Amino acid sequence: MPPGFSNIVEEARRSARALWDYGEHFFNPTVRLGVTGLSRAGKTVFITALVHGLIRDGRFPVFEAFASGRIARARLEPQPDDAVPRFDYENHVRTLIEDRSWPTSTVDISELRLVIDYQRHNGADRTLTLDIVDYPGEWLLDLPLLNKSFEQWSAESLALSRQGPRAKLAASWHAQLATLKPEQREDEQLALDSARLFTGYLRACRDERFAMSLLPPGRFLMPGSLAGSPALTFAPLDVPAGGTAPDGSLWAMMARRYEAYKDVVVRPFFRDHFARLDRQIVLVDALSAFNAGPEALRDLEAALAGVLECFRIGRSTLLSNLFRPRIDRILFAATKADHLHQSSHDRLEAILRRTVAKAAERAEYAGAVIDVVALAAVRATREAQVARGRDRLPSILGTPAAGESNGGETFDGNTEVATFPGDLPADPEELFSGDDAFAGLSSQPAEKADFRFLRFRPPQLDRQEGDEPMLPHIRLDRALQFLIGDKLQ
Ligand SMILES: Nc1nc2c(ncn2[C@@H]2O[C@H](COP(=O)(O)OP(=O)(O)OP(=O)(O)O)[C@@H](O)[C@H]2O)c(=O)[nH]1
Ligand SMILES: [Mg+2]
C-alpha cells in the first residue's frame, strides 16, 4: 500500500526533528551519566554534593573548566524522562545541611538534568546537558544473568553458597534444598519456601558483619512492586548444568520463573536505562569490606568483575545494535575516604586499582577507558594527630552518629571525637594474602578487628550571613574531570 499523505508528512516531520536533534546535539551535546553502586555505597550523597558544588560555586581546583572560570553557570532543568522519578535534590541538600543528617535510603532509579553553560577553549559559548541517573548497583549485577540459563545460574549460585562464611548463612536453605527432587511435580508452596529461604540467605550475606557484594538476583532484596510475584518466587536447584527440565516438574517451574525475571526485570532495565548511558561511575564502599574481613574483599572483587562483565555483555550482540551501550568511560570510586586519614587516601586508591585490575582480567574486559579514585563526596571529618605514648597517630576528628560506639563508649550524636581508624597497608597485596590477611567482623568481635570505621554525621558548616554554605569534599573534582572534563574542551 502506498504511504498516505499524512504518513509522509509525519515521516518528514520526524526526519526534520531527528536532524534538528542531531544538529542540536552536535553543538550542545547531552551526556547521560550513570551513578551506581550497591546499597549504601554513597550514590545519593555523591549526586547531591556534585550538583550542589556545580550550582553553588564549590571548590573544584582539579576540574579544569570550572577552576579556569570557563563555566559561566550550571542550573537544574526539568527532568526529561516522563516515566522516571526525579532525583529529590532539594530535599537531600536540606537534610545534609540543615539537619546534618544523611539522606534516607533510595531503592529506585531516579534522574536529574543539569545544564552547564560554558565557554570552549576557542571562546565559543556552548551548553552541555548532563542527565544524571542514579540506579541501584544490584540491578547492574543482574545483567550477567541474561547470558546464563537457569541451570548454569543454579550451579554457580550453589557453588558460591558453599564457600567461606556463606556456607553457614545458607544452612537452612541448603537443608530445605536437600529435601527437593528437581524432577518432582511443580508445587507452589515448595517454590515459595525455597524463595523465602534463599532470600533469607542473601539478606544474611549482606549484613554488615559479612558485607558480601555479589548477591543476584538483585530484586530479591529490593522487590518493590514485584514483591510476591512469580517472577520473584524461584530459587536455585541442584540440577546438572547442561540438563533439560521434564515438563510439569518443579525444575521446569523454577526455570520458567527465572526466565520471567529476566523478561520482566533485567531486559527492560538494560534497554530503557543501561543502554542509554554515555558515562558511568561505580561507587564502591570498600571500607565496609575492610570492616567485615578478607572474604568480603574477595567478594567485592568478584562483584567488580561482574560489573565489568556487564559492559562487555553490552558490547556483544546481545540485543540489536540500537541498544548497544555506548559507555566510553567508567570510573570506579571508593567512597567515604574521609573515614581515613589523608595519609591513607592514596593507599585506598591503590587497593581499588588492584581490585579492579584483577577483576578486569577475570572478566577479560576490553572496552571503555577505566580509572579509579578514592573520594568523599561530603567530608564529615577533619585531620588530627593524637599522641599515644611516644607515638603520634594520624587520626580523624568528627561527630559520630548517635548510637555509634567505640571501645565501650556510646556516642550521643553531638560530641566530636578523635579516632584512629586503622592504617591501610602500603602494598595492596597484603590485604589479599589469604583468609588471615586481616581481622574483620565476620570472624572476630569488634575489639579485635583491624579496622573500625565509625559513622559520622555530616559536617558542621561555616555559614556567612544568608549564604548557603559549601560542602567540603575529597577529590570530587578529580571524578568530575575524568567524567565530563573532555566534554567541556
Ligand atoms: N563520611 C561520609 N559518609 C558518607 C559519604 N557518602 C555516604 N556516606 C554514608 O553512607 C551512607 C549511604 O549513602 P547514600 O548516598 O545514601 O548511599 P546510596 O548508595 O544512595 O544508598 P541506597 O540509596 O540505600 O542505595 C550515608 O547514610 C552515610 O552514612 C561521605 O562522603 N562521607
Ligand atoms: Mg540512594
All Cα pairs of the chain, percent lying beyond 44 Å: 19
Relative frequency of Cα-Cα separations exceeding 19 Å in region 44-124, percent: 46
Shape category assigned to region 334-489 from the gyration tensor of Cα positions, a/c cut at 1.5: oblate
Rel. contact order, % - alpha carbon contacts under 8 angstrom, at least six apart, region 143-268: 41
Length added when fully stretched, residue 302-residue 56, from 0.36 nm per residue minus Cα-Cα: 84.7 nm
Region 143-268: Cα Rg divided by the 2.2 N^0.38 Å rule of thumb: 0.99
Nearest-10 value in Å² for the accessible area of residue 139, using the 1.4 Å probe: 20
Full-extension gain in nm, residue 67 to residue 108, via 0.36 nm per residue minus C-alpha separation: 11.4 nm
Placed amide H near residue 326: partners under 5 Å, 5+ positions off or other chain: 277
Surface per residue (accessible, 1.4 Å probe) for region 143-268, Å²: 45
FRET efficiency for residue 162 and residue 346, using Cβ-Cβ distance with R0 set to 30 Å, rounded to 0.05: 0.20
CD proxy at 222 nm, helix term only [per DSSP H run n ≥ 4: -39500 (n - 2.57); per residue of the chain; nearest 500]: -11000 deg cm²/dmol
Pairwise FRET efficiency - residue 444 versus residue 386, Cβ, R0 = 25 Å, nearest 0.05: 0.55
Kirkwood Rh, Cα atoms: Rg over Rh of region 40-195: 1.18
Accessible surface of the chain [probe 1.4 Å, protein heavy atoms]: carbon and sulfur percent: 49
The chain, relative contact order [Cα under 8 Å, separation at least 6], %: 18
D (Stokes-Einstein, µm²/s), Kirkwood Cα radius, region 271-422, 1.002 mPa s at 20 °C: 121
Which listed pairs, of 43/487; 43/358; 262/358; 43/448; 262/487; 168/336, have C-alpha distances above 26 Å, in listed order: 262/358; 43/448; 262/487; 168/336
Sequence-separation-based contact order of region 196-301, relative, with Cα cut under 8 Å and 6+ spacing, percent: 37
Nearest-0.05 FRET efficiency for residue 244 and residue 486, computed from C-beta distance (R0 60 Å): 0.75
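The values are calculated or read from the model by the stated rules, or taken from the named source; none is laboratory data. This structure is a prediction, so every number in the text was calculated from the model and none was measured. Please note: Cβ atoms are built from the backbone with ideal geometry, for glycine as well, and neighbour counts cover all protein chains shown. Surface accessibility is based on the protein's heavy atoms, side chains included, excluding ligands, DNA and RNA. Shrake-Rupley method; radii C 1.70, N 1.55, O 1.52, S 1.80 Å.
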